[in-house]
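Each remark here refers to the structure printed beneath this line.
The values are calculated or read from the model by the stated rules, or taken from the named source; none is laboratory data. Worth saying up front: this structure is predicted, and the values here are computed from it rather than measured. Counting neighbours? That spans all protein chains shown, and the Cβs are built from the backbone with ideal geometry, glycine included.
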Amino acid sequence: MIEQLFGSKTRVKLLHLFYGNPNRAFYVREITRKIDEQINSVRRELANLLSVGIITSDSTNNRLYYEVDQEYDYYAALSAIFGTAGSKKQSKVSGAAEQEGDITSIGNVEYAIYTGVLTRDNTSGTDVLIVGDINQTKLSKFITELEAKEGKELRFTAMTLADFNYRQEVKDRFLSDVLSSKKQIIIDKITPVNKKDKE
């Protein structure tokens, strides 16, 4: 039904991908792989979404990247439909809700973000930050699977909630850089501690 409303199955899959992954940018071949659609229909729908202003494009290292435009007038409304606030399994497309499901299997995760190479932000000293009571074996497996899915080697940081809070108190430079970088929040159960970063 939602495909009929929005005119195209490819468009709906793209909207799920972009709104499920705010602050993430994707190039065309990566998109076709993630949503499992033909490259020509992906290019056509990307052009449509660009012309409306729903997504933006940006070139890095001779590669054109696309990401959702969070300044778009109807961002909040579309995010409510296609983002992760509603159903945990709104789409088969890999989004934050699906990643949250994967990441919770590694232990009691209080806070988890993707940054660095995953959001094309070179200011961050890591690509994945996970805070909580973590099973190291499961963490290694999760990172290995994420690297295979993303097709790149990732730097990751895991710490306890006590360590995270202490580092925030002493204004640890590494953690400050990570938290002020461009990021995709996967899990956040510590908003009061971390309120400024989310605004």
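Note on the range 87-189: no enclosed strands (runs of 3 or more DSSP E) hold 3 or more residues that are modelled with pLDDT of 90 or more, under 28 Å from Arg33 (Cβ atoms) and of a type in the set (Lys, Arg).
In the range 130-149, of all residues being crowded, with 17+ Cβ neighbours inside 10 Å and within 16 Å of the chain's Cα centre (by Cα), the one that is nearest to Val109 (Cα to Cα) corresponds to Ile130.
Of all residues in the range 42-84, those being among the β-branched types (Val, Ile, Thr) and modelled with pLDDT of 90 or more number 6.
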